[in-house]
Amino acid sequence: MPPSLPGSRTRQDRFEDLVAESSMRLEQLQGTRVAGIQFMVSFAPEKDGLDRAAARGESPPLGRSLRVRPQTVDTSAGERDVAGLQQIVVYRQPVEQLSPSPAELPELVHDVVIELVAELLNLSPEQVDSTYGRSNLRGP
């Protein structure tokens, strides 16, 4: 199928597009605080993450946020500190399973991305985006 046709996009591609759209939306709201975050999609959490959730009686995680400490890098001009990497990974399978319908998936993805950004920035989800929770897909 030619790449210009909608059917040529895989589910993974379309999900990655939703995460990218959500991150761009948040970058417009939050500016540089979100611009430095790397957003990624993984199919599902690793086995140990699933095991921890099961041991606590929780649902599988929908994503994770990660902050790597700043590191010192040797360059030809000498050593310099490099800012820590901020990364968010959204797990496609558990998010898709939680979504009541394909039409509601974009808002659920956005809510999940908001929650992960809020966790990373130590803010409430409502401080990250005031539209958080309007879809009522995540429940109380």
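The values are calculated or read from the model by the stated rules, or taken from the named source; none is laboratory data. Just so it is clear, the model here is predicted, and its values are computed rather than measured. As a convention, Cβ positions derive from the backbone with ideal geometry for all residues, glycine included, and neighbour counts pool all protein chains shown.
Can you name every residue in the range 30-54 that is of a type outside the set (Val, Ile, Thr) and not in a helix (DSSP H, G or I)? Explain how you work it out, then say what you get.
As a first pass, look at the range 30-54 and keep what is of a type outside the set (Val, Ile, Thr): 30-31, 33, 35-36, 38-40, 42-54.
Correct list: Gly31, Gly36, Gln38, Phe39, Met40, Ser42, Phe43, Ala44, Pro45, Glu46.
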Taking Arg33 and the conditions (1) at pLDDT 90 or above; (2) buried (at least 16 other Cβ atoms within 10 Å of the Cβ), which numbered condition does it fall short on, given that it satisfies the others?
(1)
Being surrounded by 15 or more Cβ atoms within 10 Å (Cβ to Cβ), under 12 Å from the mean Cα position of the chain (by Cα) and within 15 Å of Val95 (Cα to Cα) is the filter here, so list the residues in the range 36-56 that pass it.
Val41
Checked against (1) at pLDDT 95 or above; (2) surrounded by fewer than 17 Cβ atoms within 10 Å (Cβ to Cβ), Val95 satisfies every condition except (2)
